[in-house]
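The values are calculated or read from the model by the stated rules, or taken from the named source; none is laboratory data. What you are looking at is a predicted structure, and each value in this text was computed from that prediction instead of being measured. Heads up, the Cβs are rebuilt from the backbone with ideal geometry, glycines too, and the neighbour counts pull from every protein chain shown. For accessibility, only protein heavy atoms count, side chains too; no ligands or nucleic acids. Shrake-Rupley method; radii C 1.70, N 1.55, O 1.52, S 1.80 Å.
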Amino acid sequence: MGEPFISVKNLSYAYEEDDGRKIQVLKNLSIDIMRGDFLAVLGHNGSGKSTLARILNMILFADSGKVVIDGKEIIPNEISDDEIIELRKKIGMVFQNPDNQLVATIVEDDVAFGPENLGIPSGEIRERVDNALAELGMSEYAKHEPHRLSGGQKQRVAIAGILAMLPECIIFDESTAMLDPKGRQEVLSAIEKINREKGITVIMITHYMDEAARADRVVVLDDGDLIFDGKPEEVFSHEKELISMGLDVPQCTSLIYKLREAGFKLEGRCLSAKECAELLFGELKNN
Amino acid sequence: MNSISLGQYYPAESPIHRLDVRIKVVVAILFVVCTFLCKNVLSFALLLSLALLSIILSRLPIGLVARGVRPILIIIAITSLINIFFSTGAPENIVVDWWIFTIYREGIYNALLMIVRFVCLIVGTSVFLTYTTTPIELTDAIEDLLWPLKKLGVPVHDFAMMMTIALRFIPLLVDETDKIMTAQKARGADFSSGSLAQRAKALVPVLIPLFVSAFRRAEELAVAMECRCYHGGEGRTRMNVRHVHAKDFVALFGVILFGVGIVVLNTLNIGYSIS
């Protein structure tokens with residue numbers, strides 16, 4: 001395993017409301033993220049999950065605690081702009097609203113924006129842009145205008161824009177929240193592909209349980225505290241606690257959970273409709 | 001609202017569409033200068049032929065170019081009338097002398113040349129710029145052309161970036177205005193009746209949410225740009241590096257030669273002129 005790619009220790013962050021009240025967003029949070037991880041961060045609104053993403057990308061700086069990215073400790077006020085850019089090159093971020101993160105008026109120009117900022121020679125940018133668009137199945141839209149694309153397509157362009165910077169890690173900050181079901185599936189498959197095929201570390205911030213279920217590891221935040229950290233099936237077995245935190249459990253998991261409560265003996269993990277069907281089928285066969 | 005298109009770009013494959021945009025900007029400026037250099041009938045005839053040649057080369061439908069002239073028809077009409085009625089000339093050149101109107105041949109001559117000049121002005125700029133160049137190409141070209149100003153501390157790159165972002169967000173904001181207006185209409189707002197003042201007032205509840213959302217968008221975009229390592233124009237490269245080709249020089253020198261020709265005609269006083 002070796003060194004974690006991202007290491008967060010005792011991280012705290014608070015912001016001040018207009019009326020002077022201090023709101024503690026993150027409390028003593030510690031988490032290690034390994035290279036190649038596919039991590040989902042779950043939590044309801046205001047649980048601090050987006051703040052964590054912003055701290056990892058140095059848009060915000062922690063009040064206390066230690067953040068180390070790829071062996072480099074981030075010390076607020078000491079880290080230079082060049083060092084920040086160097087780290088941001090490694091950690092890309094895809095946001096919620098696809099419209100508010102595309103800069104250029106032509107798809108391929110937008111994908112080129114990141115590499116252009118990094119000062120990559122033009123021939124190589126061309127190559128990276130073409131590869132990134134092909135990777136996300138958007139090659140045929142290279143010359144299109146972003147505002148004529150669907151939400152899922154725009155979000156894929158945004159991902160291509162990050163991919164063209166050749167990052168080691170991509171943070172998705174509720175990147176599917178504004179999309180229709182079809183767009184969500186497009187983007188989720190893209191995220192999975194990036195992690196599985198390219199080995200890029202993925203941190204997926206979401207409040208959809210079924211999305212989190214697709215990750216290798218789920219972290220649950222509640223009011224700035226880390227409540228659960230483990231494999232999805234472990235985390236989702238705490239249904240009562242999750243519901244009390246205002247989170248849903250995937251419908252199929254919930255169904256199995258209720259059946260178990262009603263006295264049925266259903267052993268095994270259930271995170272997808274397929275697994276649910278198999279469990280139910282097995283149970284029916286036994287009876 | 002999906003059909004909104006900015007500017008009047010007319011997509012086509014033509015030698016003029018393919019010209020380097022920077023060269024096109026310079027050619028358009030030189031062409032405008034040429035229209036003001038023309039003084040006599042011969043030079044205006046040449047100018048008109050050059051304008052026609054550029055339309056043919058650009059493969060734009062002639063109707064489209066003609067439509068571009070329409071908005072200034074009134075200005076053309078007024079200036080030519082003023083020229084006809086208020087120009088004075090030699091007494092032997094009087095064409096009409098009736099009541100308070102005295103029309104000289106000089107007046108008619110001036111008016112005709114004025115019309116040609118206006119038409120060529122519009123045709124030249126629209127063929128070289130608006131119809132054959134996308135706004136975004138124009139922004140890039142202006143950034144390149146204003147490059148010397150960077151040395152004087154003018155933030156040329158920042159202006160170009162602002163233009164690009166504005167062009168990117170105009171369709172979004174138009175869309176959003178539409179949505180807000182529909183939402184307000186659904187709740188009984190009335191945008192289409194009442195006096196002008198009332199209608200302007202009815203727009204306030206549209207503009208406020210529009211501004212709020214524009215600021216929110218701006219903030220999100222700024223964060224997203226920062227995350228993509230944007231740090232101003234310094235050390236930035238471009239994916240599309242423009243190269244000036246031989247054909248661009250041909251166009252440039254063609255126009256320069258044309259201008260020189262006009263000046264020569266003027267100084268040698270060749271070409272029919274009345275005054």
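Okay, residues lined up against (1) at pLDDT 90 or above; (2) hydrophobic (A, V, I, L, M, F, W, C):
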site	(1), (2)
A:Glu3	no, no
A:Gly36	yes, no
A:Ile84	yes, yes
A:Asn100	yes, no
In region A:61-84, the residues that are at the interface with another protein chain (Cβ under 10 Å from one of its Cβ atoms) and open to solvent by 30 Å² or more (accessible area, probe 1.4 Å): A:Asp81, A:Asp82
Filtered residues of region A:210-224 (kept if open to solvent by less than 60 Å² (accessible area, probe 1.4 Å) and of a type outside the set (Gly, Ala, Ser)): A:Glu211, A:Arg217, A:Val218, A:Val219, A:Val220, A:Leu221, A:Asp222
Residues (touching a residue at least 12 places away in the same chain (Cβ under 8 Å) and either touching a Ser or Thr at 6+ places or on another chain (Cβ under 9 Å) or of a type in the set (Gly, Ala, Ser) (or both)) located in region A:56-85: A:Leu60, A:Ala62, A:Asp63, A:Ser64, A:Gly65, A:Lys66, A:Val67, A:Val68, A:Ile69, A:Gly71
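Results for (1) in contact with an Asp or Glu (Cβ under 9 Å, 6 or more places away or on another chain); (2) more than 9 Å from chain A (Cβ to nearest Cβ); (3) not acidic (Asp, Glu), shown as yes or no for each residue.
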residue: B:Ala214; (1), (2), (3): yes, yes, yes
residue: B:Thr237; (1), (2), (3): yes, no, yes
residue: B:Val255; (1), (2), (3): no, yes, yes
residue: B:Asn266; (1), (2), (3): no, yes, yes
Selection from region A:14-27 of residues that are without any contact (Cβ under 8 Å) to a residue 60 or more places away in the chain, part of a strand (DSSP E or B) and not charged (D, E, K, R): A:Ala14, A:Tyr15, A:Ile23
Inter-residue pairs, beta-carbon under 6 Å, first touching a residue at least 12 places away in the same chain (Cβ under 8 Å) and in region B:248-262, second surrounded by 13 or more Cβ atoms within 10 Å (Cβ to Cβ) and acidic (Asp, Glu), 6+ apart: B:Asp248/B:Asp20
B:Gly232, sole failed condition from (1) at the interface with another protein chain (Cβ under 8 Å from one of its Cβ atoms); (2) touching a Pro at 6+ places or on another chain (Cβ under 9 Å); (3) surrounded by fewer than 13 Cβ atoms within 10 Å (Cβ to Cβ): (1)
Single residue of A:Val129, A:Val111 found to be surrounded by 22 or more Cβ atoms within 10 Å (Cβ to Cβ) and more than 7 Å from every other protein chain (Cβ to nearest Cβ): A:Val111
Test result for B:Arg242, surrounded by 11 or more Cβ atoms within 10 Å (Cβ to Cβ), closer than 30 Å to A:Arg148 by Cα and facing chain A (nearest Cβ under 10 Å): no
Elements of type helices (runs of 4 or more DSSP H) contained in region B:1-100, each with 2 or more residues being under 19 Å from the mean Cα position of the chain (by Cα) and modelled with pLDDT of 90 or more: B:21-37, B:41-58, B:73-86
Cβ pairs under 6 Å, 6+ apart, first in region A:31-42 and at positive phi, second open to solvent by 10 Å² or more (accessible area, probe 1.4 Å): A:Gly36/A:Gly199
Some residue of region B:186-205 being more than 14 Å from chain A (Cβ to nearest Cβ), open to solvent by less than 30 Å² (accessible area, probe 1.4 Å), in contact with a Phe, Trp or Tyr (Cβ under 8 Å, 6 or more places away or on another chain) and at pLDDT below 90: yes
Some residue of region A:141-152 being at the interface with chain B (Cβ under 7 Å from one of its Cβ atoms), touching a residue at least 40 places away in the same chain (Cβ under 8 Å) and not hydroxyl-bearing (Ser, Thr, Tyr): yes
